[in-house]
Amino acid sequence: MTQPVAEILAETLDRHGVDCIYCVPGESFLPLTNALRDRPHIKLVVCRHEGGAGFMAVSHARVRGEPGVCLVSRGPGAMNAAIAFHVAYHDAEPVVFLIGQAERDELNRLALQEMNYSKTFSDTAKAVIEVIHPENIAEDTARAFHLAQSGTPGPVALILPEDLLYGQADAEAADPRKKSRPAGSPEELAEALELLRKAERPIVIAGGRLHGQGLADLQTFAEEFALPVATPQRRFHVFDSRHPNAGGRLPNRANRALLDELKTSDLVLVIGERMLPSMTQNFSFPKAPVADQPFIHVWPDAGEVGRAYAPTLGIASDPKLFLRAMLDAGPGEVPASRPAWVEKLNGLHRKNMAWQGKSSNDGLVFGNVIAAIDRHMTGTAVVTCDAGNFSSWMAQYLNMGPGNMFVGATVGAMGPGVPSAVAAGICSPGRQVVAFVGDGGVLMTGNELATGVQYGVPIKLFIADNSAYGTIRMHQARSFPGRGYAIDLQNPDFVKWGESFGAKGVLIETEAECEEKVAQAMAHDGPVVIHCKISLDHISPSATISGIEESTR
Ligand SMILES: Cc1ncc(C[n+]2csc(CCOP(=O)(O)OP(=O)(O)O)c2C)c(N)n1
Ligand SMILES: [Mg+2]
């Protein structure tokens, strides 16, 4: 049947279960906007910057465990969204970017806002699919969703020439393609089981590809097999930090005592995460390319399990299927020493997470705020986080578990904090949404607070203001002590800034105020911006800038 191309596209998106599209409108895809107007059950979230829209789509993918969709204009819009491609690629998040393109008969002349997307995104997209034939619109769209989700998930660009969207096609909308769920072979699973049964000091490091039932199975697996479970950078919700099998957190530059202990383990099982720097203490634990101990890697992509590392056993499997197989086989007899090993690691973990209270004469130590939030955060809160050293306080002191969701870019991009929180509130309504940003990151993409207010997201936005790009100052202290440079920030009044968006503004300057002001902010039923004037010297739970510079003298 002949019908408008834009209708076929909108219907195909609908059939793929798309119910939120994060966009900045563009003149290059008006027929699609028009077709979506008749489908109000697909929320077209209008954002303020394509970087924000892209980060929202990435956050949607993480929170929901299904593809995020971002719709941006050609050329300039696509370039603004580029940071989200990079994050989705490194974080293995399935995101379909719908991007406009110049009219087909003008291509190659350097038409208005024309771009060669295949060249531009050759290093940050799994695929760039330019729709050339109107009859292929549904097929190409289904292909984009399929590629974004299969193997190692990631971003896919679907390029939509303007004239094509205005045309008609003799085609039908398409359904999602069936997904193959890779699982380990019987031999691989038997070998994994044997290694897991006989290890005296195993450690499981569990990552972000575990969702829903997979998270529940992970906990049962840890309990039944007497295994400690550590959580890597930006994946802290995956295992309950209060559980007796919690084996520690491994943010970048993890606690030294914990790491020293983990390095004595006789088996490392990494499940549901790729072996990237954020997962591996920058390739030092497990050691790349060959670990110091037997090492099992479970990830749903055969090309990836032996790419950065040469594991003892690489299993290309959906991590959930691997856990199911282990639970079905059961632990058998594990060494009697295992519970004591779990207890030892858990003891170190608890010690690390216990907030001792600290103060400074150059501002609030951010741990005080985190300790207060810990008392008021719900078990289903979504926590989002930007990049910067302020996040190390939360990584160390904020408890969370599988009912929560932690959203942050493992690649360390600044900017996702606010947009991720906005998307979380939109795609998973009813949950508490707590966002953490620095005074640097907040002015990169914090304008999306306007989107949050417009869509009624009661975001609790904590701004850790040390009047500096503090992380860079810390690195300067290490490499060029006493020579801090190009890091000072003169900031606006963030309370007034928040209020101007329609949020409630709260200022926290002293330890004494933390409990009451945090309680007040968390209890408020609308958006709140909490401006925390924090110490620059106390740059992380384990270091001060003055201490670092002192030690280099
Ligand atoms: C998009 C982007 N630009 C620059 C950097 C480099 N960078 C990493 S942390 C940081 C400073 C962050 O400052 P702020 O948000 O104030 O947090 P703080 O380090 O002070 O806690 C910078 C500039 C980055 N990671 N991402
Ligand atoms: Mg700062």
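The values are calculated or read from the model by the stated rules, or taken from the named source; none is laboratory data. Given the structure is predicted, the values throughout are model-derived calculations rather than measurements. Here Cβ is always computed from backbone atoms with ideal geometry, including for glycine, and neighbour counts include all displayed protein chains. With ligands, DNA and RNA removed, areas are computed over all heavy atoms of the protein, side chains included. Shrake-Rupley method; radii C 1.70, N 1.55, O 1.52, S 1.80 Å.
Which condition from (1) assigned to a loop (DSSP other than H, G, I, E, B); (2) farther than 30 Å from Glu172 by Cα; (3) of a type in the set (A, V, I, L, M); (4) touching a residue at least 24 places away in the same chain (Cβ under 8 Å) is the one that Met115 breaks? Condition not satisfied by Met115: (2).
The C-beta contact set for region 459-481 (first residue over 14 Å from Met444 (Cβ atoms) and in contact (Cβ under 8 Å) with a residue 12 or more places away in the chain, second residue of a type in the set (Asp, Glu) and more than 9 Å from ligand 2 (Cβ to nearest atom), distance under 7 angstrom, 6+ apart or interchain) comprises Ser467/Asp488; Ala468/Asp488; Ala477/Glu549; Pro481/Glu549. If you check Ala421, Ala435 for being touching a strand residue (DSSP E or B) at 6+ places or on another chain (Cβ under 9 Å), of a type in the set (Gly, Ala, Ser), under 20 Å from Gly68 (Cβ atoms) and outside any helix (DSSP H, G or I), only one passes: Ala435. Take Phe85 and decide whether it is part of a helix (DSSP H, G or I), at pLDDT 95 or above and within 21 Å of Gly154 (Cβ to Cβ). Here the answer is yes, as Phe85 does meet what is asked. Identify the residue in region 338-360 that is over 24 Å from Glu200 (Cα atoms) and of a type outside the set (Gly, Ala, Ser) and, among all such residues, is most open to solvent (accessible area, probe 1.4 Å). That would be Gln356. Just one residue in the set Ile296, Ile370, Ile315 is assigned to a helix (DSSP H, G or I) and not acidic (Asp, Glu); that residue is Ile370. Out of region 222-274, which residues are assigned to a helix (DSSP H, G or I), farther than 19 Å from Pro541 by Cβ and touching a strand residue (DSSP E or B) at 6+ places or on another chain (Cβ under 7 Å)? Those that are assigned to a helix (DSSP H, G or I), farther than 19 Å from Pro541 by Cβ and touching a strand residue (DSSP E or B) at 6+ places or on another chain (Cβ under 7 Å): Ala222, His237, Val238.
The set of residues from region 41-84 being of a type in the set (Ser, Thr, Tyr) and within 18 Å of Tyr455 (Cα to Cα) comprises just one member, Ser59.
In the set Ala10, Ala57, only one residue is without any contact (Cβ under 8 Å) to a residue 60 or more places away in the chain and either surrounded by 18 or more Cβ atoms within 10 Å (Cβ to Cβ) or over 24 Å from His146 (Cβ atoms) (or both); that residue is Ala10. Quick check: is even one residue across region 312-326 open to solvent by less than 20 Å² (accessible area, probe 1.4 Å), farther than 28 Å from Val411 by Cα and touching a residue at least 60 places away in the same chain (Cβ under 8 Å)? Yes, region 312-326 contains at least one residue that is open to solvent by less than 20 Å² (accessible area, probe 1.4 Å), farther than 28 Å from Val411 by Cα and touching a residue at least 60 places away in the same chain (Cβ under 8 Å).
Here's the yes/no breakdown for (1) more than 16 Å from ligand 1 (Cβ to nearest atom); (2) small (Gly, Ala, Ser); (3) outside any strand (DSSP E or B):
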| position | (1), (2), (3) |
| --- | --- |
| Asn399 | yes, no, yes |
| Pro402 | yes, no, yes |
| Gly430 | yes, yes, yes |
| Met444 | no, no, yes |
| Gly452 | yes, yes, yes |
| Gln476 | no, no, yes |
| Arg483 | yes, no, yes |
| Ala486 | no, yes, yes |
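Matching residues to (1) at pLDDT below 95; (2) buried (at least 24 other Cβ atoms within 10 Å of the Cβ); (3) of a type in the set (Asp, Glu):
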residue	(1), (2), (3)
Ala409	no, yes, no
Val434	no, yes, no
Glu448	no, yes, yes
Val457	no, no, no
Leu461	no, yes, no
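Checked against the criterion of being over 25 Å from the mean Cα position of the chain (by Cα), over 30 Å from Ile426 (Cβ atoms), buried (at least 18 other Cβ atoms within 10 Å of the Cβ) and within 16 Å of ligand 1 (Cβ to nearest atom), region 504-523 contains not a single residue that satisfies it. The set of residues in region 211-230 being farther than 15 Å from Val342 by Cβ and touching a Phe, Trp or Tyr at 6+ places or on another chain (Cβ under 9 Å) consists of Leu215 alone.
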